[in-house]
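Here the structure comes first, spelled out in structure tokens, and everything after it is commentary.
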Amino acid sequence: MTELSLNVLDIAQNSIKAKASLIEISVHIDTAADKMEIIIKDNGCGMSEEQVAKVTDPFYTTRTTRKVGLGVSFFKMAAEQAGGSFEIKSELGKGTSVRADFVVSNIDRMPLGNMSQTMESLVVYNTDIDFIYTYSVNGEAFTLSTAEMREILGDVPLDNPEVVAYIRDFLKENTETVNKDYIF
């Protein structure tokens with residue numbers, strides 16, 4: 001994968017397959033500390049200790065359609081190659097949390113990519129799942145919560161074209177405001 005946002009999309013797809021009803025995704029960047037932290041947390045079915053121990057092995061997968069599972073192992077490799085770290089925690093029946101830390105200035109760090117587009121896709125194509133997305137740079141942040149949007153919208157679905165346009169604009173404008181002059 002060429003962008004971290006694609007890793008996030010892949011991990012979130014795992015959460016969806018794990019029947020999560022809530023997926024929390026956060027990206028926190030602190031340029032003074034030279035650190036980027038990405039966390040994907042869900043309330044899906046979770047994994048056993050044995051599955052957690054194997055999940056970063058690219059030749060382990062629970063899928064029956066192919067014999068390899070590269071998403072988690074690629075995300076781990078991306079973090080470690082960029083001078084960072086990777087952690088996965090899971091509990092059966094309670095969910096999973098994946099955390100990757102990156103050194104922002106590391107020459108091997110992949111670009112963050114288009115998190116706005118990633119989040120828009122996740123929300124629009126999974127309208128039955130609640131997402132909480134938080135993006136922060138140097139303490140300035142914004143959050144998108146689909147549960148709050150549903151409260152405001154009432155019966156209007158999240159995949160309504162006008163709502164999709166609002167979500168796209170909200171994510172783009174707030175990301176630009178928080179990023180200021182930085183490109184990640």
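Looking across region 138-148, the residues that are over 11 Å from VAL123 (Cα atoms) and surrounded by 14 or more Cβ atoms within 10 Å (Cβ to Cβ) come down to ASN138, ALA141, PHE142. Note on region 149-184: among residues that are acidic (Asp, Glu) and under 27 Å from LYS19 (Cα atoms), the one that is least open to solvent (accessible area, probe 1.4 Å) is ASP159.
The values are calculated or read from the model by the stated rules, or taken from the named source; none is laboratory data. If you're wondering where the values come from, they're calculated on a predicted model, not measured in any experiment. Here Cβ is always computed from backbone atoms with ideal geometry, including for glycine, and neighbour counts include all displayed protein chains. What goes into the accessible areas is simple: the full protein's heavy atoms, side chains included, and nothing from ligands, DNA or RNA. Shrake-Rupley method; radii C 1.70, N 1.55, O 1.52, S 1.80 Å.
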